[in-house]
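Rule-based calculations on the coordinates, nothing more; no lab input. What you are looking at is a predicted structure, and each value in this text was computed from that prediction instead of being measured. Here the Cβ positions follow ideal geometry from the backbone for every residue, glycine too, while neighbour counts run over all protein chains shown.
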Amino acid sequence: MRTDVQISEALERLINDIETPPAPLTEIHRAVARPEPEPVRERTSRPLRVAIAVGAASAVIAVVSTSSFVQGVEQAIDRYRAALEAKGGWAPPTPPDKLWKAIMQQSSSAQNEPLGTAQTHVSFAIVPPAGLPRDVMSAAIYTVPTLEYSTSLQTWQLGPHIAWFVYRRANGKTFVILAKPFDPREGTPSKYIFEADEDHPGPNGRLTLLKHDVFTWKNGNQVITAIDGSFISAREIEAIRTAMDGIPIPGRWPDRPQPGELDIAVAAPPGM
């Protein structure tokens with residue numbers, strides 16, 4: 001069993017070992033000049049296609065990951081942030097490269113774990129989801145690291161490990177449920193999450209956002225997050241919460257953090 005200190009030290013070593021090579025500007029310019037083939041898009045088989053959002057931080061990272069390369073990362077972030085703020089949302093700055101690459105590496109190498117093993121990697125008592133849809137064919141558990149953004153210090157740092165429950169349905173579609181430790185510094189969760197819809201731009205090329213309802217509840221010192229529309233319905237999510245005897249945590253909108261609150265960024269595990 002690894003302690004929190006050992007996990008933190010291992011992650012810090014990984015961060016320090018990451019080499020940041022100079023940007024290949026010549027190759028970048030060539031790639032921008034080349035026309036890109038139209039990608040075949042799947043209608044949100046994964047929440048936000050890359051990462052689930054706990055607050056707004058992951059949504060920004062997700063839109064960067066799914067935007068066309070020609071846009072450029074910073075431009076994509078700015079477009080998403082502006083569109084989100086126009087709807088009453090908020091997004092923190094993007095995490096430093098080394099921090100984000102470190103948790104991406106750890107998340108991509110995460111293994112499906114038995115519940116007992118997953119429990120040793122997190123600081124909260126895991127209460128497994130119950131009342132699942134009848135057509136769930138398989139389940140997997142992954143534990144991955146997170147990042148925390150402090151609104152008062154305006155800095156990112158390593159956060160606690162969280163658990164992903166990944167479920168595959170009979171139709172081949174996958175949905176996920178996220179479990180993390182309760183932390184009052186995170187404040188009230190967001191009521192909605194917005195996905196960048198690049199297939200249907202708005203007037204004058206403006207970014208179109210698709211709204212999804214976010215459901216949050218508490219079991220002991222565990223907080224569960226599930227998203228309507230990620231191949232699970234609001235009715236099915238409510239059935240899970242009821243079966244777990246979860247205490248609902250009402251979301252807020254507009255979603256703007258109060259001084260001192262934290263925002264959390266997570267990376268998707270390999271099962272997504």
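To the nearest Å, what is the center-to-center distance of segment 199-271 and segment 154-175, using C-alpha atoms only?
Segment 199-271 and segment 154-175 have Cα centres spaced 12 Å from each other.
Can you sort W90, W156 from fewest to most other Cβ atoms within 10 Å of each residue's own Cβ?
Numbers: W90 17, W156 20.
Ascending number of Cβ neighbours within 10 Å: W90, W156.
Which ordering of T225, T188, T151 is given by a fewest-first count of other beta-carbon atoms within 10 Å? Walk me through the numbers before you get to the answer.
On the way: T225 26, T188 15, T151 18.
Ascending Cβ contact count within 10 Å gives the list T188, T151, T225.
Just to confirm the filter: which trypsin sites (Lys or Arg not before Pro) across segment 79-181 are DSSP coil and have at most 11 other Cβ within 10 angstrom of their Cβ?
Working: sites: R79, R81, K87, K98, K101, R134, R168, R169, K173; in loops: K87, R134, K173.
Counting only loop positions with at most 11 other Cβ atoms within 10 Å, the trypsin sites (Lys or Arg not before Pro) in segment 79-181 are R134.
Lysines within cross-link reach of K101: Cα-Cα under 22 Å, excluding same-chain residues under 8 positions apart?
Within the straight-line cut-off, K101 pairs with K180.
Taking neighbour Cβ counts within 10 Å as the exposure measure, how do L99, L147, L210 sort from fewest upward? Could you put the intermediate results ahead of the total?
Numbers: L99 19, L147 24, L210 15.
Ordered from fewest to most neighbouring Cβ atoms within 10 Å, L99, L147, L210 come out as L210, L99, L147.
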